[in-house]
Amino acid sequence: MAEATCINGGGHNPRAVNKDSFNAAGDFPVQNGKALFDLSLTATFQPNCSSPMTVVGTHVTVTDTEHGISAPFTP
């Protein structure tokens, strides 16, 4: 799960409702105790988040649903 926010050119979150939570899922093989994977999320806003505004992702959590384990993701 992740939260995406539309940030204006001054580095602030505008008061418009340009903030939402997003989910993406996938099945990834585990080999030697490691799962190497890529997973993409696409945030869609209403109203649109267009230039000079940018999308910033925060509060990203990776969850292993099979084993019930969750951890925050820090890039």
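Could you please tell me which pairs satisfy a Cβ distance under 8 Å, a separation of 6+ or placement on different chains, a first residue in the stretch 46-75 that is free of Cβ contacts under 8 Å to residues at least 12 places away in the same chain, and a second residue that is outside any loop (DSSP other than H, G, I, E, B) and among the acidic types (Asp, Glu)?
Pairs that qualify, where the first residue is free of Cβ contacts under 8 Å to residues at least 12 places away in the same chain and the partner is outside any loop (DSSP other than H, G, I, E, B) and among the acidic types (Asp, Glu), are Ser70/Asp64.
Strands (runs of 3 or more DSSP E) wholly in the chain with at least 1 residues that are at pLDDT below 75 - which ones?
Those strands (runs of 3 or more DSSP E) span 19-22.
Can you name the residue in the stretch 58-69 that is polar (S, T, N, Q) and exposed (fewer than 12 other Cβ atoms within 10 Å of the Cβ) and is also farthest from Leu36 (Cα to Cα) among such residues?
Thr58
The values are calculated or read from the model by the stated rules, or taken from the named source; none is laboratory data. What you are looking at is a predicted structure, and each value in this text was computed from that prediction instead of being measured. Note that each Cβ is placed from the backbone with ideal geometry, even for glycine, and that neighbours are counted across all protein chains shown.
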